[in-house]
Each structure stands twice: as structure tokens, then as C-alpha cells.
Amino acid sequence: MSWHGTVNCNWCGGRGHNRRSCPSKKKHIKDNPDGYEARNDTNQRRTVKAQAQNRRCSYCKDKGHNRQTCTILKRDKVYASKKNKKFVGIVKEAMIQIGLGVGAMVSKEHWNSGKPSLYMVTDIKWYMFEMSCFQNYSRRSPIALLRLEDNEEYKMTMTWFDSLMKKIHELIGEDKEQFKSIETAYSYHSNKQSIVISPISAEQVAEQIPKDLERKAELDPVVWKDRGNEKKYEERQYMKTDFVDKNYKRGIHL
């Protein structure tokens, strides 16, 4: 590419294309099928084809394609999106039932002193709600709190709210296998005993929730990426179990 941003062809010297797509070179190969350029072009095509056949997808581990063209990944994303919207609907109902919204008062045992502290919910980032917020490894913090004893402000992960996680479990009901990772998050945090001691009304919570919350709910794209995966061709197992289900039938039961 030249200094002014235009591609120059090193075969014909023309602008706007490179050697690979050069029309003059293609014509030369066609007119001279036994020449050096024709033989070289054939060898290059064979190499590219062989590389494509040996390529392994980092998501499904099958050969012949990469992650970008993986049909299983695309299918899994559709399923996980439907599952996520269903789960966000469960979370919305749980928050309404326990009265967790801006203005609610929450009591939680302090991690250091072991004594309960009183917090007020001051803000909720509703559009951050999605399934990865409810895993025990989540670092997303959609709910802001004010600790009343010292006016310290905090942003908390969803699994901090034990009473919410418990209510979510009740509403999940028979779908526990489908939402197995949520059960893990609740059992991990259940000993911390957070309680909504002064809830707001169900009507007040409902008014705070965006009308299009479920429709716009989407998984954080980061759950599909291979972050810190030393095994190049092994999919992220927690993503498989948390968002897709190990033995699910592709979207049939949603």
C-alpha cells in the first residue's frame, strides 16, 4: 500500500488492486496454462485448500472451519439468547415479589465484623441484567448501594443479594437443570444472609423496570470469547454448562 492509502499491484504496477486479484495476471495465467505463474497459482490454491481442511474450530473442535464460520456456535448463540431472555423475565418477577428496587433497605452481615449492616438501594442498571451476572464468577455490578452507618457507596454483583437468589430459585422451579449454574451461585453465597428488611411495593418495582427489559436482554459478548484459554482447541466448559446446557435439544424446549 502506498503512502496515500491506495493499493498498488506489484505484478502490473496498477492501482486499486493487489497481485492476488490482478486482472492482468489472471489473463496471463489463462493464456499461459503451462507457465511459471500458472503452476505457482495452482500450488498456492492447493496449499490454501489443505490448510482449510486441517483447520480446527476453537469452539466445537471440528475440522474444516474456524470459529467465525462455525454453524454450531451460531446455533448455540440463538438458543442462549432465548434462554437468557427467559431468565431475565424470572429475575424481573423475583425482584417484584421481594420488593427489591431503588429505595429498598437491605441488611447484610459485614464480612469483617460479622455484624449486620443496613444498606439502601440507590440505583439499578437494568440493562446490565443477563445470565452471566448471576454466575459465581461474575464481576458485573448492576446495583448501587449506600451503607447508612458511614454513607459509603458500593456497587454490588447480583449474587450478593441472597434473598433475591433464593426467590429466583423458587421461580425457576422445574427448570433447575436448565439453569444449573444459577443454583451453584446461590448455594455458594447462601451463608451470607442478605435480607430485604424494608421492601418497596410490587407496583413501585414494576414502575422502575424498563418495559422492553426482556426484549433487549442480551448476553454479554465476552461469554463467547476464549479468554485465558491455554488449550487452544478446547471450548470454555463453563460457557457450555452455564448458557447452552450440556445435553439440551437445540431450542426445542424453549
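Just so you know, all these numbers are worked out from the coordinates, no wet-lab data involved. Just so you know, these numbers come straight off a predicted model, no measurement behind them.
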| Which of the pairs Lys85/Lys211; Lys86/Lys155; Lys86/Lys180; Lys166/Lys216; Lys125/Lys155 have their Cα atoms more than 19 Å apart in this structure? | Lys86/Lys155; Lys166/Lys216
| Convex hull volume of the Cα atoms in the stretch 118-158, per residue, in Å³? | 62 Å³
| task | Give me the Kirkwood hydrodynamic radius of the stretch 75-116, using the inverse of the mean 1/r over all pairs of distinct Cα atoms, in Å to one decimal. | result | 13.1 Å
